[in-house]
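Novice: Got a structure here, written out as structure tokens. Questions coming.
The values are calculated or read from the model by the stated rules, or taken from the named source; none is laboratory data. Keep in mind that what you see is a predicted model, and the values were worked out from it rather than measured. As a convention, Cβ positions derive from the backbone with ideal geometry for all residues, glycine included, and neighbour counts pool all protein chains shown. We work out accessible area using only protein heavy atoms, side chains counted, and drop any ligands, DNA or RNA first. Shrake-Rupley method; radii C 1.70, N 1.55, O 1.52, S 1.80 Å.
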Amino acid sequence: MLGPVILAASRSDKMRRFVSAAPGTKQVVGRFIAGETVEQVIPVVQETVAKGLEVTLDVVGEDITTRDQAHAARDAYMELIEHLEELGLGARAEMSVKLSMFGQSLEGGHELALANVRRVVEAAASIGTTVTLDAEDHTTLDSMFAIHEELRKDFPQTGCVIQAYLFRTEEDARRLAANGSRVRIVKGAYKEPASVAYQDKHEIDKAYVRILKILMEGDGYPMIGSHDPRLIAISQELARRAGRKLDEYEFQMLYGIRSDEHVRLAAEGHRMRVYTAYGTDWYGYFMRRLAEKPANLLFFVRSMITKN
């Protein structure tokens, strides 16, 4: 019941100021955010890779209101790519981008976002890695999928994200699987109306399995974004039934959540990628992590009480 309330708070400037000033915030944010600068996140990447894991890096931030901010977001990824190249980490670290950061919601935003993300995708390809387009609220998806399709003409490894709680996603999954796309499937972490999305957790889980089956039986590369032990076990069984080898799909989990499971899956021979976010504009990302799991919110509240 708290999830929708927290998601609504993620859009509130008043709540942003309150949470940012709370005594326990820094401690808890550090659990989910690997740092504020590229210099701080690179050692985390190196440590993660040393454990036999891979990473996908997200420079957090969403509320872009000017073209200059959109260009700055693009440049932050270009800086990240430079660091990855210098350290030879390209093969183990991909990037995730939110097109809202690249100006998607501005006037002429579709073309602006495409131009900005193309620069990042080109640079990523030059160091042997790729980019995944993150899914945001349902009103942005047609633009995101169109940009994804355009980028794949020159960079076929460009990935995208689909969200199991949306009614449209089974159809999207069939199209993407037939096209041989790299696809990360997640449950979904935005506040969506009942007219477009399942609201019941059980229904979302059932949709997740249906969609995952489509991806596993298709021609693409499924990326399972989940920490749910049951869904992980189902994923392994669906992969076995589809005749997929261990390098023909991967698991993805968030930095700071179930870290032991990251290592366990990698030790079993699975590709295991840690979604690692960093940056100063962490608020929206952080609030969605709280909304996804009550235990995260309880951890935050306990930290505030302890600090007080």
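Novice: Looking at Glu107, Glu111 in this structure, which one is without any contact (Cβ under 8 Å) to a residue 40 or more places away in the chain, under 19 Å from Ile64 (Cα atoms) and in a loop (DSSP other than H, G, I, E, B)? Outline the logic, then answer.
Specialist: Numbers: Glu111 fails: in a loop (DSSP other than H, G, I, E, B).
Step by step, each of Glu107, Glu111 is checked, and only Glu107 is without any contact (Cβ under 8 Å) to a residue 40 or more places away in the chain, under 19 Å from Ile64 (Cα atoms) and in a loop (DSSP other than H, G, I, E, B).
Novice: Which ones in the stretch 246-262 are in contact with a Phe, Trp or Tyr (Cβ under 6 Å, 6 or more places away or on another chain) and either in a strand (DSSP E or B) or farther than 19 Å from Glu94 by Cα (or both)?
Specialist: Gln252, Leu254
Novice: Pairs, please: C-beta under 6 Å, at least 6 apart or cross-chain, first residue on the phi > 0 side of the Ramachandran plot and in the stretch 254-274, second open to solvent by 60 Å² or more (accessible area, probe 1.4 Å) and among the charged types (D, E, K, R)?
Specialist: Gly256/Arg31
Novice: Name the single residue that is modelled with the lowest pLDDT among those in the stretch 246-278 being more than 28 Å from Ile214 (Cβ to Cβ) and surrounded by fewer than 22 Cβ atoms within 10 Å (Cβ to Cβ).
Specialist: The extreme case among them is Gly256.
Residue-by-condition table, conditions (1) in a loop (DSSP other than H, G, I, E, B); (2) open to solvent by less than 10 Å² (accessible area, probe 1.4 Å); (3) on the phi > 0 side of the Ramachandran plot; (4) modelled with pLDDT under 95:
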{"site": "Leu212", "(1), (2), (3), (4)": "no, yes, no, no"}
{"site": "Met216", "(1), (2), (3), (4)": "no, yes, no, no"}
{"site": "Asp219", "(1), (2), (3), (4)": "yes, no, no, no"}
{"site": "Ile232", "(1), (2), (3), (4)": "no, yes, no, no"}
{"site": "Leu238", "(1), (2), (3), (4)": "no, no, no, no"}
{"site": "Arg244", "(1), (2), (3), (4)": "yes, no, no, no"}
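Conditions (1) farther than 30 Å from Ala194 by Cα; (2) at pLDDT below 90; (3) not in a helix (DSSP H, G or I), marked per residue:
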position: Pro4; (1), (2), (3): no, yes, no
position: Leu7; (1), (2), (3): no, yes, no
position: Val19; (1), (2), (3): no, yes, no
position: Thr56; (1), (2), (3): yes, no, yes
position: Met78; (1), (2), (3): yes, no, no
position: Gly88; (1), (2), (3): yes, no, yes
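Novice: Something else now. Is it the case that Gly88 is open to solvent by 10 Å² or more (accessible area, probe 1.4 Å), farther than 15 Å from Val131 by Cβ and under 21 Å from the mean Cα position of the chain (by Cα)?
Specialist: No.
Novice: Go through the stretch 173-210 and give me each residue that's open to solvent by less than 10 Å² (accessible area, probe 1.4 Å) and part of a helix (DSSP H, G or I).
Specialist: Selection gives Ala173, Leu176, Ala177, Ala207, Tyr208.
Novice: Considering only residues that are in contact (Cβ under 8 Å) with a residue 24 or more places away in the chain and either of a type in the set (S, T, N, Q) or closer than 13 Å to Leu141 by Cβ (or both), which ones fall in the stretch 152-172?
Specialist: Of everything in the stretch 152-172, those that are in contact (Cβ under 8 Å) with a residue 24 or more places away in the chain and either of a type in the set (S, T, N, Q) or closer than 13 Å to Leu141 by Cβ (or both) turn out to be Gln157, Thr158, Cys160, Val161, Ile162, Gln163, Tyr165, Leu166, Phe167, Arg168, Thr169, Asp172.
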